[in-house]
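J.: Quick one: the structure is below, and I'll ask about it shortly.
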Amino acid sequence: MNEHERSDAPSRAGFVAIAGAPNVGKSTLLNRILGHPLSIATPKPQTTRTRILGVETIGNTQIVFCDTPGIHHESGLMHQRMNAEARSGVREADVVCWLIDASRGLRRIDREEAAKLVAENTIVVINKCDAVRKSALLPLIQSVAALLPGAEIVPLSALRGDGVGDLVDLLLARLPEGPWFFDADQVTDQSERRLVAELVREQLFLQLEAELPYRVAVLVDEFRDLPGHTSISATIYTDSESTKRIIVGKGGARIKSVGIAARAGIEKLLDRRVFLELFVKVKPGWQEDARFLEEMGL
């Protein structure tokens, strides 16, 4: 969406938080708007753990999107910090896009967090409209209007792109005048190391069953640009030996599959050949280790 030329009109810029309950399509929406996969998106809830900024510059306006973790009721230090990240992103934003899954309707989280939202600064995005009949949308829209009087409501499908352009137009009109926060060609504040770790974690979410992905974390140990390729080594941390065995797989088959798929994504990201080496280590209780969580960005 960067096809517009900048004119002599005053520049505009602002922060837009993409927030909501888990698995409502926040990362999918961000990736659709940016036109490339910045934030990892999987069918499993709580895929996003930290705030990720995505920058879209259109004409005179720069929108800095903040993809936030899904706000949830899980307990523990990691989950507390994920919720704190999300709520901080909402508080600091000029505009909040609060997402609701059309197929699931209003949830407990939506009703609880609505009281903390400022209606005139909120756009309620009813996502996944392609998954429901139009007749089911009207009652949901009426419920949202009753919950957040004065908030704009935008039905769309982030997966298909239907209605996404209308949302962007609304955002462009709402952001305040002011200087840009980033260069016009910058698309994120995330380092390549952090993006690489996320791509490995994405494959773990996609390839591991049930609750196992929530018991893993990924940190990049080495990132070296060499002639003709980039050499990367990363460690997958988990909390038990039994989980480690599942991640490695019989004869190393699972970790090999994760590595092959992750390397393909990393090569696309870096636009060069990549050598990727993955290790698996057991770190009991890492979800409650404050220092380790800080290394992850939480």
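The numbers here are math on the coordinates, done by the rules we state, and not lab data. Quick caveat, the model's predicted, so the values are computed rather than measured. Cβ: placed from backbone, ideal geometry, glycine included. Neighbour counts: every protein chain shown.
J.: Rounded, prolate or oblate: which fits the range 12-174, taking a ≥ b ≥ c as square roots of the Cα gyration tensor eigenvalues, rounded meaning a/c under 1.5, else prolate when a/b beats b/c? Each step should come with its number before you reach the end.
T.: On the way: a/c = 1.24, a/b = 1.01, b/c = 1.23.
Because its axes are fairly even, with a/c under 1.5, the range 12-174 counts as rounded.
J.: With +1 on the Cβ of every Lys and Arg and -1 on the Cβ of every Asp and Glu, and nothing else charged, how large is the dipole of the range 12-174 about its Cα centre, in debye rounded to the nearest 20?
T.: 400 debye
J.: Under a point-charge model restricted to the Cβ atoms of Lys and Arg (+1) and Asp and Glu (-1), what is the dipole moment magnitude of the chain relative to its Cα centre, in debye to the nearest 20?
T.: 1180 debye
J.: In whole Å, what is the distance between the alpha-carbon centres of the range 205-254 and the range 41-114?
T.: 26 Å
J.: Assign unit charges at the C-beta atoms only (+1 for Lys and Arg, -1 for Asp and Glu), then state the dipole size of the range 192-295 relative to its Cα centre in Debye, rounded to the nearest 20. Can you show the working numbers first?
T.: Details: 17 positive and 17 negative charges, 87 e Å.
That gives a dipole near 420 debye.
J.: Apply the a/c threshold of 1.5 to the C-alpha gyration tensor of the range 43-139 and tell me whether it is rounded, prolate or oblate.
T.: Verdict is oblate for the range 43-139.
J.: Name the GluC sites (Glu not before Pro) in the range 29-137 that are in a loop by DSSP and that have at most 16 other C-beta atoms within 10 Å, would you?
T.: Those satisfying the criteria are Glu74.
J.: When only C-alpha pairs under 8 Å and at least 6 residues apart count, what is the relative contact order of the range 84-160, in percent?
T.: Value for the range 84-160: 35 percent.
J.: Let me ask something else about it. Among Ile40, Val118, Ile153, which residue has its Cα positioned farthest towards the positive end of the charge dipole of the chain, with +1 placed on the Cβ of Lys and Arg, -1 on the Cβ of Asp and Glu, and the dipole taken about the Cα centre?
T.: About the Cα centre, the residue reaching furthest to the positive side is Ile40.
J.: Could you give me the ³J(HN,Hα) list for the range 181-191, computed from phi with Karplus coefficients 6.51, -1.76, 1.60 and θ = phi - 60°, whole Hz, x at Gly and Pro?
T.: Listing the rounded values in order: 8, 9, 5, 4, 8, 7, 10, 7, 9, 7, 6 Hz.
J.: Considering the values (i) 6, 26, 32, 24, 10, 1, 0; (ii) 6, 26, 32, 21, 10, 5, 0; (iii) 6, 23, 26, 21, 16, 7, 1, which represents P(r) over Cα pairs in 10 Å bins from 0, in percent as calculated for the structure under consideration?
T.: (i)
J.: When a/c is below 1.5 the answer is rounded, else prolate if a/b is larger than b/c, else oblate, so apply that to the range 85-127 with a ≥ b ≥ c taken from the square roots of the Cα gyration tensor eigenvalues. Each step should come with its number before you reach the end.
T.: Working: a/c = 1.89, a/b = 1.56, b/c = 1.21.
Taking the square roots of the gyration eigenvalues as a ≥ b ≥ c, the range 85-127 is prolate.
J.: GluC sites (Glu not before Pro) within the range 171-257: which are DSSP loop residues with at most 14 other Cβ atoms inside 10 Å?
T.: Within the range 171-257, the qualifying GluC sites (Glu not before Pro) (loop, at most 14 other Cβ atoms within 10 Å) are Glu209, Glu211.
J.: Can I ask one more? Using +1 at the Cβ of each Lys and Arg and -1 at the Cβ of each Asp and Glu in the chain, identify which of Asn60, Leu170, Ala17 lies farthest towards the dipole's positive end.
T.: Ala17
J.: Please identify the longest segment of the chain free of exposed trypsin sites (Lys or Arg not before Pro), where exposed means a DSSP state other than H, G, I, E or B and no more than 16 other Cβ atoms within 10 Å.
T.: The longest uninterrupted stretch comes out as 161-271.
J.: Related question: With θ taken as phi - 60° and the coefficients 6.51, -1.76 and 1.60, list the Karplus ³J(HN,Hα) couplings across the range 63-68 in order, rounded to whole Hz; mark glycine and proline as x.
T.: Ordered by residue, 3J(HN,Hα) equals 9, 9, 7, 10, 7, 10 Hz.
J.: At 222 nm, what helix-only mean residue ellipticity would the chain give, in deg cm²/dmol to the nearest 500, using -39500 (n - 2.57) for each DSSP H run of four or more?
T.: Per the formula, -11000 deg cm²/dmol.
J.: Calculate one ³J(HN,Hα) per residue across the range 75-82 by plugging θ = phi - 60° into the Karplus curve 6.51 cos²θ - 1.76 cosθ + 1.60, and present them in order as whole Hz with x for glycine and proline.
T.: Each residue's phi maps through the Karplus curve to give 9, x, 4, 4, 5, 4, 6, 4 Hz.
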